[in-house]
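For reference, the structure is listed below as structure tokens.
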Amino acid sequence: MYSEILLEHFRNPRNMGRMENPDGVGKVGNPACGDVMHIYIKVGKNSSGEEIIEDIKFETFGCAAAIGTSSMVTELAKGKTLEEAAKISKEDVAEAVGGLPPIKMHCSLLATKGLRKAIEDYRRKKGDAGAGGEDSQHTQEG
Amino acid sequence: MRAYLDYASTTPLDERVLEAMLPWLREEFANPTGIYSLCQSAKRAVEEARESVAKLIGASSSEIVFTSSGTEACNLAVKGYALANRRRGRHIVVSAVEHMAVLEACRAMESQGFSVSVVGVDEHGCVTPEALEQAMSKDTLLVAVQLANNEIGTVQEVAKLAELAHEHGAAFFCDACIANGSIPIDVEELDVELLAMSAHKMYGPKGAGALYLAEGTRIEPLLHGGGQERGYRSGTENVPAIVGFGRACEIAGEVMQEEAERLRRLRDEMVRRVMSEIEDVRLNGHPERRLPGNANFAFAYIEGESLVLELDFAGVSVSTGSACTSPTLEPSHVLTAIGLSKAQAHGSLRVTLGRFTRKEEVEHFLSVLPGVVERLRKISPFKRGGEGYV
């Protein structure tokens, strides 16, 4: 039913656990539906000054597909620029874990959704903070 | 080490059953319908099996109809009775914790002009006489309540419920597929018109079931053809499976009492240790009135499919009522009927012991379970005293 890759990620999940002071958090799913994912990211910059996912962690309540795809999405996203990471599709995740049973495809959708929400959360927070920073600069100049 | 603890799903074939079946898969292959001696020998074997099946439940052999499975027996009971007796009423009452074979057979009758009422259960999974009374109407022709539940093991007070149904002029169908062979059944005492049985839940082969049809009870056949099984179930008899079913019933009659006591002790000790060694776990089902080999737990904060797979890696075969293992992605209707939230139902684990379960298997399960639960709880965003888990 599950591929070797998925089962390996289920048994040895990468980047698992809660993150202290994350830059962005994405919480998706619902315990009633059986899958809940929390994705935590820390954002840094690469040599060309682009924002990248420097560190990423997840916590998941759910089946082996949910846990395995969570683990995989963190692997795929780590080190990527925010733009690239936000473009990771459910097909990318499903392919990376060696395929998923059709009924479990929604699990890979949830994983990418969680990642995108974490990136949005970071941008929103930064947007607020950024706006505040500019204001203070103006005040200094004024 | 391998521990098979999923006897409610299916049981291994008893070696003695296999022995009894083998000749009917080899040289004794003839069709029981024929008149020459090979056929007559097959016919006798089927009739002997019929007697064994009847004897285990206190019926006479003329009241047993062989089917291909428990599911077929349930369908034949519900649909066959409703269609043959539609002039007596168009209302069917069924419990919320029935096996899908019964629930879906009832629902299928809705398109035939019948209405169906589903009776809820209490927190232990019991259908109370009060709840049944409320569901009854003047138009009720059939009440369907199982003898025991295949998920949580709760044993219903069928005799009491059947009496109530009869007071309202309705017949009673009891699905005993999971109970037969585990606890004693006497159809006279239960006083039911119809009772379904299955061979592979009691160390017999897959592919054989039976319906007890009390003398004088009329049903319509579902399968039409050559008129086998007195016209109630056409199709050439599955002789090897039927012979195996008969042998399985004989053995059950001999060992049931002793086995039930052994399993109850083994199960009670297992439950006690799971509940004391792991935090935030509940036992689903009735505390006492349950099948001897059944335990059903709900582990908070984690999901059952993960639990089953992890345990499988550790050599333990068990099952769950989580939505993640069901084709509909809905959690077990039995667990939600007893009041579990969907999240709790997702964390359920059914552990069922049987005839060949050794103490070492249970010990092995108990030795790996705490670590598996702990690991999954570490991965889960839900924690003890935390938020979000309902």
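The values are calculated or read from the model by the stated rules, or taken from the named source; none is laboratory data. Because the structure is predicted, anything quoted here is derived from the model rather than measured. Virtual Cβ from ideal backbone geometry, glycine too; neighbours counted across all protein chains shown.
Scanning the range A:41-83 for residues that are at the interface with chain B (Cβ under 10 Å from one of its Cβ atoms) and among the hydroxyl-bearing types (S, T, Y) returns A:T60, A:S70, A:S71. Might you let me know whether the range B:75-90 holds any residue that is modelled with pLDDT of 95 or more, part of a loop (DSSP other than H, G, I, E, B) and touching a helix residue (DSSP H, G or I) at 6+ places or on another chain (Cβ under 6 Å)? Within the range B:75-90, none of the residues are modelled with pLDDT of 95 or more, part of a loop (DSSP other than H, G, I, E, B) and touching a helix residue (DSSP H, G or I) at 6+ places or on another chain (Cβ under 6 Å). Going through (1) of a type in the set (A, V, I, L, M, F, W, C); (2) touching a residue at least 60 places away in the same chain (Cβ under 8 Å); (3) within 19 Å of B:G253 (Cβ to Cβ) one by one, B:F173 falls short only on (3).
Going by the conditions given, is B:T336 without any contact (Cβ under 8 Å) to a residue 40 or more places away in the chain, within 11 Å of another protein chain (Cβ to nearest Cβ) and surrounded by fewer than 15 Cβ atoms within 10 Å (Cβ to Cβ)? Spell out how you get there, then give the answer.
On the way: without any contact (Cβ under 8 Å) to a residue 40 or more places away in the chain: yes; within 11 Å of another protein chain (Cβ to nearest Cβ): yes; surrounded by fewer than 15 Cβ atoms within 10 Å (Cβ to Cβ): no.
No.
I'd like to know if the range B:375-388 contains one or more residues that are within 20 Å of the chain's Cα centre (by Cα), within 11 Å of chain A (Cβ to nearest Cβ) and modelled with pLDDT of 95 or more. Within the range B:375-388 (the criterion being within 20 Å of the chain's Cα centre (by Cα), within 11 Å of chain A (Cβ to nearest Cβ) and modelled with pLDDT of 95 or more), the answer is no, since none of the residues qualifies.
If I ask for residues that are over 17 Å from B:A171 (Cβ atoms) and touching a Leu at 6+ places or on another chain (Cβ under 6 Å), which ones from the range B:206-225 would you list? Matches in the range B:206-225: B:L222 only.
State whether the residues of the range B:299-308 include one that is part of a helix (DSSP H, G or I), away from chain A (no Cβ under 11 Å), touching a strand residue (DSSP E or B) at 6+ places or on another chain (Cβ under 7 Å) and in contact (Cβ under 8 Å) with a residue 24 or more places away in the chain.
No; the residues of the range B:299-308 include none that is part of a helix (DSSP H, G or I), away from chain A (no Cβ under 11 Å), touching a strand residue (DSSP E or B) at 6+ places or on another chain (Cβ under 7 Å) and in contact (Cβ under 8 Å) with a residue 24 or more places away in the chain.
Within the range B:100-123, the set of residues being under 18 Å from B:A148 (Cα atoms) and of a type in the set (V, I, T) comprises B:V102, B:V118, B:V119, B:V121. Every residue in the range B:20-32 that is among the acidic types (D, E) and touching a residue at least 60 places away in the same chain (Cβ under 8 Å), please. Scanning the range B:20-32 gives a single hit, B:E28. The residue that is nearest to A:L7 (Cα to Cα), among those in the range B:311-324 that are in contact with a helix residue (DSSP H, G or I) (Cβ under 9 Å, 6 or more places away or on another chain), more than 8 Å from chain A (Cβ to nearest Cβ) and not in a loop (DSSP other than H, G, I, E, B), is B:L311. No other residue among B:A144, B:A131, B:A159, B:A214 is crowded, with 19+ Cβ neighbours inside 10 Å and among the hydrophobic types (A, V, I, L, M, F, W, C) apart from B:A144.
For A:V36, the conditions (1) within 11 Å of chain B (Cβ to nearest Cβ); (2) touching a helix residue (DSSP H, G or I) at 6+ places or on another chain (Cβ under 7 Å); (3) of a type in the set (A, V, I, L, M, F, W, C); (4) assigned to a strand (DSSP E or B) are fulfilled apart from (2). When the range A:9-24 is filtered for residues that are surrounded by 17 or more Cβ atoms within 10 Å (Cβ to Cβ) and more than 9 Å from chain B (Cβ to nearest Cβ), the ones remaining, listed by number, are A:H9, A:N15, A:M19, A:P22, A:D23, A:G24.
Scanning the range A:22-58 for residues that are free of Cβ contacts under 8 Å to residues at least 12 places away in the same chain and of a type outside the set (G, A, S) returns A:N30, A:C33, A:K45.
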